[in-house]
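Single-structure report; data block below.
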Amino acid sequence: MKRTLVISDIHGELELFEELLQTTGYDSTQDQLILLGDYIDRGPDSKEVLTKVMKLKDEGAVVLKGNHEDMMVRALVAGEERVWKNWINRNGGTETLKSYGFAESDFKVEDEEPFVTPAIHSNELEAHLQFIQNLDTYLEWDDTIFVHAGVHPEKPIEETDPYELIWIRDIFHNGYCGEKTVIFGHTPTKNLHKDKQGCSVYFGENRIIGIDGAAVYGGQLNCLQLPEKNVYSVKAKVKRNLKKGEIHDKQTV
C-alpha cells in the first residue's frame with residue numbers, strides 16, 4: 001500500500017528535514033509526501049529549504065502554504081508596513097533574508113523614519129516568492145483534511161478565509177467536531193499536550209492531529225505516516241537563540 005507522509009513547520013532547518021526524509025525512507029515514486037507549510041523563518045537555511053521543497057513538489061509532493069510564507073509575500077511583494085515589521089522583528093524574517101545573502105543593513109527599517117519597503121531583489125528570491133504565491137492552503141480527502149493551522153469549526157472549508165486556515169488556533173483546537181480527521185501544524189504540540197517537553201504528535205479526541213514538534217525551538221521534526229498513523233521524528237540538535245517575542249508567532253492583519 002502506498003504510504004502518505006506528512007511533515008510541517010520545518011522553519012529553515014534543512015539538516016533536520018533531510019535527516020527526517022532519510023529516516024522515513026521516503027521514495028517519491030512510492031510514497032505521497034504532503035508538506036503543511038512554514039518552510040522558512042527562524043532557522044538558518046530558509047532559502048535552501050524552499051529550494052528543496054520546490055524540487056520535491058516537482059517530484060510529486062503536495063506543498064501547502066503556511067502563515068510564514070504568507071507573511072513573506074505580504075512583506076516583500078505587497079510591502080505592508082505592519083506585516084514587514086512583525087516579520088522582520090518578531091517572526092524570523094531576518095534569518096530568512098540572511099539565508100539569501102542579504103545583510104541587516106540591506107533591510108533594516110528605522111521606526112522613527114517614514115516606512116519605505118526596502119528594495120531587496122535576487123533571482124532566487126523572486127523565484128521563491130512566485131512559487132509561494134501559487135501554493136494552496138488546504139488539501140481535502142474523503143476522510144481527511146490537511147491544512148497548516150486548522151479549520152473553522154462552524155464554516156465549510158471552501159468558504160473559509162484562507163487567512164483563518166493558516167492562523168487559527170484555539171477555536172479550532174477546542175471547537176472542532178467534524179467527521180473528517182484534520183491534520184495540521186502551526187501550533188507546537190507541547191502547547192496541545194500542555195507539557196513543555198511534549199513534542200510528540202498530538203492525537204486529539206476530536207479527530208484533530210497536530211504534528212508541529214517545535215523543531216526550531218529545540219524540539220523535534222515529526223512525520224506522520226498514513227494510514228497507519230506511525231510517527232517518525234528527528235530531535236533538534238540546536239536550540240535557537242530566538243529574540244524575545246519570537247516564541248509565538250505575532251499575528252498579522
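Values quoted throughout were computed directly from the atomic coordinates according to the rules given, and no laboratory measurement underlies them. Only a predicted model underlies this, so the values are computations on that prediction, with no experimental measurement involved. Backbone-built Cβ (ideal geometry, glycine too); neighbour counts: all protein chains shown.
Have a look at Ile7, Ser46, Gly198 and report the one farthest towards the positive end of the charge dipole of the chain, computed about the Cα centre with Cβ charges (Lys/Arg +1, Asp/Glu -1).
Ranked along the dipole, the leading option is Gly198.
Find how much the distance from Asp195 to Glu59 grows on full extension, using 0.36 nm per residue of separation minus their present alpha carbon separation; answer in nm with one decimal.
Once the chain is fully extended between Asp195 and Glu59, it gains 45.3 nm.
Restricting to bridges with both residues inside the chain, how much of the DSSP beta-bridge set is antiparallel, in percent to the nearest 5?
Percentage antiparallel, nearest 5: 55.
Please list, by residue number, every one of the trypsin sites (Lys or Arg not before Pro) in the range 1-92 that is coil in DSSP and has at most 15 other beta-carbon atoms within 10 Å. It would help to have the intermediate numbers written out before the result.
Values: sites: Lys2, Arg3, Arg42, Lys47, Lys52, Lys55, Lys57, Lys65, Arg74, Arg82, Lys85, Arg90; in loops: Lys2, Arg3, Arg42, Lys65.
Loop-located and lightly packed - Lys2.
Would you work out which of Gly150, Gly210, Ser99 lies farthest towards the positive end of the dipole of the chain, given +1 charges on the beta-carbon of Lys and Arg and -1 on that of Asp and Glu, about the Cα centre?
The residue sitting most towards the positive pole is Gly210.
When the chain is fully extended, how far beyond the present Cα-Cα distance does Asn89 get from Phe131, taking 0.36 nm per residue of separation?
12.7 nm
Over all distinct Cα pairs, what is the inverse of the mean 1/r for the range 11-116, reported as the Kirkwood hydrodynamic radius in Å?
14.8 Å
Scan around Leu33 for amide H atoms under 5 Å from its own, H built in the peptide plane at 1.01 Å from N, and keep only partners 5 or more places away or cross-chain.
Excluding prolines and chain starts, which carry no amide H, the hits are Leu5, Val62.
Students often get this wrong, so check it: of Lys55/Lys235; Lys47/Lys239; Lys155/Lys237; Lys155/Lys235, which have C-alpha atoms separated by over 30 Å? It would help to have the intermediate numbers written out before the result.
Details: Lys55/Lys235 24 Å; Lys47/Lys239 20 Å; Lys155/Lys237 40 Å; Lys155/Lys235 36 Å.
Checking Cα-Cα distances, Lys155/Lys237; Lys155/Lys235 exceed 30 Å.
Taking θ as phi - 60°, what are the ³J(HN,Hα) couplings along the range 197-203 by the Karplus curve (6.51, -1.76, 1.60), each to the nearest whole Hz, with x for Gly and Pro?
Computed from phi, the couplings for the range 197-203 are 9, x, 9, 6, 4, 9, 9 Hz.
Which ³J(HN,Hα) values, rounded to whole Hz and listed in residue order, are derived for the range 19-29 from phi using the Karplus coefficients 6.51, -1.76 and 1.60 in 6.51 cos²θ - 1.76 cosθ + 1.60 with θ = phi - 60°, glycine and proline given as x?
The phi angles translate into 5, 5, 4, 5, 4, 6, x, 4, 10, 4, 8 Hz.
Looking at the range 1-60, which GluC sites (Glu not before Pro) are in a loop (DSSP not H, G, I, E or B) and have at most 12 other Cβ atoms within 10 Å?
Glu59
Place a label point 7 angstrom from the Cα of Glu205 along the Cα-to-Cβ direction, then list the residues of the range 160-196 whose backbone nitrogen is under 16 Å away.
Flagged as within label range: 173-178, 192-194.
For the range 133-149, just list the computed ³J(HN,Hα) in residue order, Karplus coefficients 6.51, -1.76 and 1.60, θ = phi - 60°, integers in Hz, with x standing in for Gly and Pro.
Result, ordered by residue: 5, 9, 7, 7, 9, 7, 10, 10, 10, 4, 10, 9, 10, 10, 7, 5, 9 Hz.
Given the Cα-Cα distance of Asn174 and Lys229 and 0.36 nm per residue of separation, how much length would full extension add, in nm? Mind showing how you got there, number by number?
Details: separation 55, 0.36 × 55 = 19.80 nm, distance 2.18 nm.
Full extension of this stretch gives 17.6 nm more.
Rounded to the nearest 20 Debye, what is the dipole magnitude of the chain about its Cα centre when Lys and Arg each give +1 and Asp and Glu each give -1 at the C-beta?
About 860 debye.
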